[in-house]
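Beneath this line is the structure, given in structure tokens, with notes to follow.
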Amino acid sequence: PMKNFIQPGDSLAMVVPYAAGVTAGQGMLVGALFGVAAVDGAQNAVIEGATEGVFDLTKQPSLAITAGARVFWDDTNRRITTTATGNYQVGIAVLASATSDTTVRVWLERVPASGA
């Protein structure tokens with residue numbers, strides 16, 4: 001391996017940014033870095049955050065999301081939405097989610113805004 005290789009990057013140490021902390025399985029946004037908490041953590045604790053993979057994440061209530069839709073993290077409400085404005089793109093919905101569903105299955109993947 002290259003001598004400057006550090007690690008695969010599928011999970012990273014992240015500082016919990018929220019006053020209420022996080023519980024395992026919740027999303028968290030630190031600057032431009034999005035991850036899913038591997039364990040519970042209080043604010044400012046350093047925990048592992050998964051940065052790759054497919055996760056069921058809390059979504060905006062009463063919102064239908066189609067499979068293949070780009071999804072965004074609403075950091076104010078700490079949930080997935082399809083609204084790009086003011087939010088951070090975190091991946092793509094891999095299954096359709098109905099308005100009655102509380103979660104959506106998301107593939108964590110940064111994709112370009114448009115085109116290539």
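The values are calculated or read from the model by the stated rules, or taken from the named source; none is laboratory data. Bear in mind that the values here come from a model prediction, so they are computed numbers and not experimental data. No Cβ is skipped: glycine too gets one built from the backbone with ideal geometry, and neighbour counts run over all protein chains shown. Just so you know, the surface numbers come from the protein's heavy atoms only, side chains and all, with ligands and any DNA or RNA stripped out. Shrake-Rupley method; radii C 1.70, N 1.55, O 1.52, S 1.80 Å.
Here the range 60-81 is the region considered, the condition is being part of a loop (DSSP other than H, G, I, E, B) and of a type in the set (Val, Ile, Thr), and the residue that is most open to solvent (accessible area, probe 1.4 Å) is Thr76. Residues that are touching a residue at least 60 places away in the same chain (Cβ under 8 Å) and of a type in the set (Val, Ile, Thr) within the range 31-55 comprise just one, Val36.
For the range 31-52, how many residues are open to solvent by less than 50 Å² (accessible area, probe 1.4 Å) and in contact with a strand residue (DSSP E or B) (Cβ under 6 Å, 6 or more places away or on another chain)? Let's see the steps before the verdict.
Going residue by residue through the range 31-52, those that are open to solvent by less than 50 Å² (accessible area, probe 1.4 Å) are 34-37, 41, 45, 47, 49-51.
Add one more test, that the residue is in contact with a strand residue (DSSP E or B) (Cβ under 6 Å, 6 or more places away or on another chain), and what stays is 34-37, 41, 47, 49-51.
Going through the range 31-52 one residue at a time, the tally reaches 9.
Close contacts from the range 1-30, counting a first residue that is in contact (Cβ under 8 Å) with a residue 12 or more places away in the chain and β-branched (Val, Ile, Thr) and a second that is assigned to a loop (DSSP other than H, G, I, E, B) and open to solvent by 70 Å² or more (accessible area, probe 1.4 Å), with Cβ to Cβ under 7 Å and a gap of 6+ residues or different chains, come to Val15/Asn44; Val16/Gln43; Val16/Asn44; Val22/Asp40; Thr23/Asp40.
In the set (1) closer than 20 Å to Arg110 by Cα; (2) in a loop (DSSP other than H, G, I, E, B); (3) open to solvent by less than 70 Å² (accessible area, probe 1.4 Å), the condition left unmet by Ala24 is number (1). Just give me the residues in the range 82-111 being open to solvent by less than 20 Å² (accessible area, probe 1.4 Å) and under 20 Å from Thr23 (Cα atoms), in sequence order. Residues satisfying the conditions are Val90, Val104, Val106, Leu108.
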